[in-house]
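These notes concern the structure reproduced below.
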């Protein structure tokens, strides 16, 4: 089954509201992790990571196969896609300079 992998769009091609939301999401560690898993392995894995975060916050264990991606022990990610995701995050974070929004250092 083919994974769903829509292209990542440069930050200057996104509506300002989406850039602001991306920057805000990066201030929330659990949502930042969902974004990172989505960039490394596509939307299906991102949905699984979001569900896993909700279950984790309810006291369940986080699935090892998803955690391995965050540890760098999982399957090799699509490097180009991951680099574009990191670039997008850095660009969004840079736009928060001088605002009250503080993007975490692990995001960039």
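What to note about this one:
- Top of 89, 40, 27 by mean-square fluctuation, Gaussian network on the chain, Cα under 10 Å: 27
- With Cα atoms, 0 to 90° folded angle of helix 43-57 axis to the chain main axis: 80
- The range 32-96 - percent relative contact order, Cα under 8 Å, separation 6 or more: 33
- In this rough spin-label picture, where each label sits 7 Å from Cα along the Cβ direction, the residue 80-residue 61 distance is 3.8 nm.
- Rh by Kirkwood over Cα pairs, then Stokes-Einstein D for the range 32-96 at 0.890 mPa s and 25 °C, µm²/s: 198
- In degrees, nearest ten, helix 16-25 long axis to first principal axis of the chain (Cα): 50
- Rounded to the nearest 10 degrees, the angle from helix 29-41 to the longest Cα principal axis of the chain is 70 degrees.
- In this structure, residue 17 and residue 51 have a Cβ-Cβ separation that, at R0 = 30 Å, corresponds to a calculated FRET efficiency of about 0.75.
- Dividing the helix sum by the residues of the chain, where each DSSP H run of 4 or more adds -39500 (n - 2.57), gives a mean residue ellipticity at 222 nm of -18000 deg cm²/dmol.
- Virtual spin-label span in nm between residue 68 and residue 99, 7 Å along Cα→Cβ: 3.7
Where a number appears in this text, it was derived from the coordinates with a stated rule and is not lab data. The model shown is predicted, which means the values in this text are computed figures rather than measured ones. Virtual Cβ from ideal backbone geometry, glycine too; neighbours counted across all protein chains shown.
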